[in-house]
């Protein structure tokens, strides 16, 4: 009777749809990282740069600095430009009258009333 209870408990505890799952491990990946790191550090420590020969003329490799030429100051006839600008503004202000502004405001008020209704 004791064995029957154990068997029924085991059957109830394990789900009916049991699937076997395999997991793959890659133990070589961390080891390879360490090997590469160690090899890289070893090569860095063993590197010895070659000194430059003292008889080499390095002046041919570097150009001498020359400051650029300052640009010329432009000449501007500001009085002619200013007169043209004032004339253009005068034409614009003449085109905008009080009547036009009032008409625009009335149109905006009518549009607002239509939107609210």
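Values in this text are rule-based calculations from the coordinates and carry no lab data. What you are looking at is a predicted structure, and each value in this text was computed from that prediction instead of being measured. Every residue, glycine among them, receives a Cβ derived from its backbone with ideal geometry; neighbour counts consider all protein chains shown.
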Measure off 7 Å from each Cα along the Cα-to-Cβ vector at residue 45 and residue 59, then give the distance between these two points in nanometres to one decimal. 4.5
Nearest 0.05, what FRET efficiency do residue 107 and residue 78 give at R0 = 35 Å with Cβ-Cβ as r? 0.30
